Amino acid sequence: MPTVKTRVDTKTYRSLVKMRKAAGLPNVSALFLLKCDLLTDDGEAAEIVRTALQRAKRKSDDDDYRLRDLFSKKTWEQFSKGARLRAGRMFHQKIAAALDGIRATRKNATNHQFYQTAARQ
């Protein structure tokens, strides 16, 4: 998959981060895709999963968390419902392969899947 890189000064980057947060997006790349009308529910979900995997890997061993717990409440609610649902399925599929040291643990009464980050060697 091709990668697009852009260098900007610190002031511009801060501005982009502010715009990204206001739009409820996980990163500046998602902001660029949104501004180009290329960010769909699939694209937004993929960005959510990518960000969530990075954050999950930094969780303490044996922490019990849901996908939504990896984001602030405000940020999570700004994602479209379709993207959140799709991201949940995508995240579960990714960790099912056990490639990232994250495993599904249990579901609660409202059918939310919980995960744990495996102990690091």
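The numbers here are math on the coordinates, done by the rules we state, and not lab data. As the structure is a computational prediction, the values presented were derived from the model and not from experiment. Please note: Cβ atoms are built from the backbone with ideal geometry, for glycine as well, and neighbour counts cover all protein chains shown.
In terms of surrounding Cβ atoms within a 10 Å radius of their Cβ, Met90, Met19 rank from fewest to most as Met19, Met90. Loop-located trypsin sites (Lys or Arg not before Pro) across segment 7-55 with a Cβ neighbour count of 14 or fewer within 10 Å are Arg7, with loop assigned by DSSP. Taking amide H as placed 1.01 Å from N in the peptide plane, Ile102 has its amide H under 5 Å from the amide H of Ala118, each at least 5 places away in sequence or on another chain. Across the chain, the mean sequence separation of Cα contacts (distance under 8 Å, 6 or more residues apart), normalised by length, yields a relative contact order of 26 percent.
Taking a cut-off of 19 Å, what percent of all Cα-Cα pairs in segment 1-56 are separated by more than that?
29 percent
For segment 70-80, 3J(HN,Hα) computed residue by residue from phi via the Karplus equation (6.51, -1.76, 1.60; θ = phi - 60°) reads 7, 10, 5, 4, 4, 5, 4, 6, 7, 5, 5 Hz, glycine and proline entered as x. Equivalent-ellipsoid semi-axes for the chain (Cα gyration tensor, √(5λ), whole Å, largest first): 27, 16, 14. Derived scalar couplings between HN and Hα for segment 14-21 equal 4, 5, 5, 5, 4, 5, 4, 5 Hz in order, rounded to whole Hz, by the Karplus curve 6.51 cos²θ - 1.76 cosθ + 1.60 (θ = phi - 60°), x for Gly and Pro.
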